[in-house]
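Since the structure comes first, as structure tokens, the remarks are kept for the end.
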Amino acid sequence: MVRGSVQMKKLLVVLSGLVLFGCSEQSRLSSTPTPNAAPRATPNPGSNQTPGGPGLRSLAKHLYIGTGVAAPALGTEPYTSTLANEYNMAIAENVGKMRAVEAREGVFDFEAQDALVRFATVHNMKMQGGPLIWAPAIPDWMNEYRGNTAELTSIMTTYITTVMQHYSTKFPGVIIAWEVVNEATTSGLGVFSAVPNCVELAFRTARAADPNVALFYNDYGDETSGGTATKVHNLVAPLKQKGLVDAVGFQSHFATHNAPTMSAIKAAMESLGAIGLDVYVTEFDFSLPSANGTTPDNPDDLLTQATYYRDYLETCMATPNCKQFITWGFTDAHSWIPKFRKGSGAALPFDVNYNKKPAYYGMQDALSRAAAR
Ligand code: G3I
């Protein structure tokens, strides 16, 4: 356990010694409702105690605090109870992707994502849906598709409409924001790039499919100024003028060697706020050098990580247009990092045994301070 350890004491010293942001209390009511801070009892209350103070969601009065969910882990413990206790928002890490939902042409499989949406409903959580259009998630049958442009366009618009209306009809009010397009400026649009004006059409179709949800564009590298941020800005600004987009997602897959400064992130959030867009932190994790992928090579990195988790969450809460703060998973037992970035890992707030790491306490600290104001 980290609590009570030397590391935790070091963390508390670090946290209490740092100069904190002067973040004033901000109302973050917008097109998205205020999150309900009170978690309902879980079906299995005896196993849902995560020691060490109130869950994050009970402290997050004005913010959606969420996580990507590894659907295969849902139903296992302590994954399930930790998810329900700590978070008021979720997004499927994989089962909401086109590759999973329409693996065969015209055959829609909602089963795995429906299970998560049912879980969110029972536990009074909200969800993000999608990504609807993301090149790496295009199923094989589409990548091999040799139809004409009109057929491709129809496949895309039918997909968006079918998926969104499945959820607005079957689970009204649970999915409050849709990730309509992911990584258009970085990964491209794959086979969908043949669709004329693809990004705008995707957003227009999504708006028509459900006018009551927020729509957002998601990417990485847009968290600061620079090439990608400029491309994203140029992409979303005209869409915003047409009333087709509400927010931009900052994926935020950071690591010790490349994490941006808080002032750079805040400036990027504010420049989107200046054109009327909200910002959602959508996939935050902070990886550490880790030979085995789950424990840091240098235990002191946990303190750097904790400070970053705390500061990023505080920056979001101190910036009025930052409305959702989501990490890409919550336990190092289920993280994409070790598989995709060899030699890195330990990126999330709970360790591989679901013990709370200093990063967890960094988030708790940020939320507690905001709740006390
Ligand atoms: O579920 C199958 C399993 O049945 C099969 O045996 C196994 C063989 O490799 O693959 C399993 O699927 C893998 C899936 O993760 C679940 O583990 C896929 O191969 C693998 O490609 C997939 O990776 C996901 C990746 O996106 C690609 O979709 C990661 O889990 C997921 O964390 C990652 O998330 C992305 C965001 O969607 C977009 N932003 C970047 C982020 C990180 O790459």
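The values are calculated or read from the model by the stated rules, or taken from the named source; none is laboratory data. Worth saying up front: this structure is predicted, and the values here are computed from it rather than measured. Cβ sites come from the backbone with ideal geometry, for glycine too, and all protein chains shown count toward neighbours.
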Would it be correct to say that Asp246 is among the charged types (D, E, K, R), touching a residue at least 60 places away in the same chain (Cβ under 8 Å) and surrounded by 16 or more Cβ atoms within 10 Å (Cβ to Cβ)?
yes
Would you call Asp109 of a type in the set (D, E, K, R) and away from the ligand (no atom under 15 Å from the Cβ)?
no
Condition broken by Ala346, with the remaining ones in (1) within 16 Å of the ligand (Cβ to nearest atom); (2) closer than 17 Å to Tyr64 by Cα; (3) without any contact (Cβ under 8 Å) to a residue 60 or more places away in the chain; (4) not β-branched (Val, Ile, Thr) satisfied:
(2)
Of the residues that sit in the stretch 191-229 and are of a type in the set (Ser, Thr, Tyr) and more than 16 Å from the ligand (Cβ to nearest atom), which one is surrounded by the most Cβ atoms within 10 Å (Cβ to Cβ)?
Thr205
Per the filter on the stretch 99-115, residues in contact (Cβ under 8 Å) with a residue 40 or more places away in the chain and under 14 Å from His166 (Cα atoms) are Val101, Glu102, Phe108, Phe110, Ala112, Gln113, Asp114, Ala115
Matching option when the condition is under 18 Å from the mean Cα position of the chain (by Cα), of a type outside the set (Ser, Thr, Tyr) and within 13 Å of the ligand (Cβ to nearest atom), among Met127, Met98
Met98
Residues located in the stretch 317-338, provided they are in a loop (DSSP other than H, G, I, E, B) and either within 16 Å of the ligand (Cβ to nearest atom) or under 16 Å from the mean Cα position of the chain (by Cα) (or both)
Asn321, Trp328, Gly329, Phe330, Asp332, Ala333, His334, Ser335, Trp336
Could you name every one of the helices (runs of 4 or more DSSP H) located completely within the stretch 86-176 that has at least 3 residues being crowded, with 21+ Cβ neighbours inside 10 Å and of a type in the set (A, V, I, L, M)?
111-122, 149-170
Could you tell me which of the residues Met164, Met125 is within 30 Å of Ala60 (Cβ to Cβ) and in contact with a Pro (Cβ under 9 Å, 6 or more places away or on another chain)?
Met125
Any chance Tyr354 is part of a loop (DSSP other than H, G, I, E, B) and either among the charged types (D, E, K, R) or modelled with pLDDT of 95 or more (or both)
yes
Being in contact (Cβ under 8 Å) with a residue 40 or more places away in the chain and not in a helix (DSSP H, G or I): is that true of Tyr217 here?
no
So which residues in the stretch 230-265 are farther than 18 Å from Gly130 by Cα, assigned to a loop (DSSP other than H, G, I, E, B) and away from the ligand (no atom under 16 Å from the Cβ)?
Lys242, Gly243, Thr256, His257, Ala259, Pro260, Thr261
Would you call Thr185 over 16 Å from Gly130 (Cβ atoms) and either β-branched (Val, Ile, Thr) or at pLDDT below 95 (or both)?
yes
Can you find even one residue in the stretch 350-372 that is of a type in the set (S, T, N, Q), more than 17 Å from the chain's Cα centre (by Cα) and either crowded, with 24+ Cβ neighbours inside 10 Å or within 16 Å of the ligand (Cβ to nearest atom) (or both)?
no
Conditions: (1) farther than 30 Å from Lys356 by Cα; (2) within 16 Å of the ligand (Cβ to nearest atom). Thr161 meets all but one. Number of the miss?
(2)
Failed item, numbered, when Ile275 is tested on (1) free of Cβ contacts under 8 Å to residues at least 12 places away in the same chain; (2) assigned to a loop (DSSP other than H, G, I, E, B):
(1)
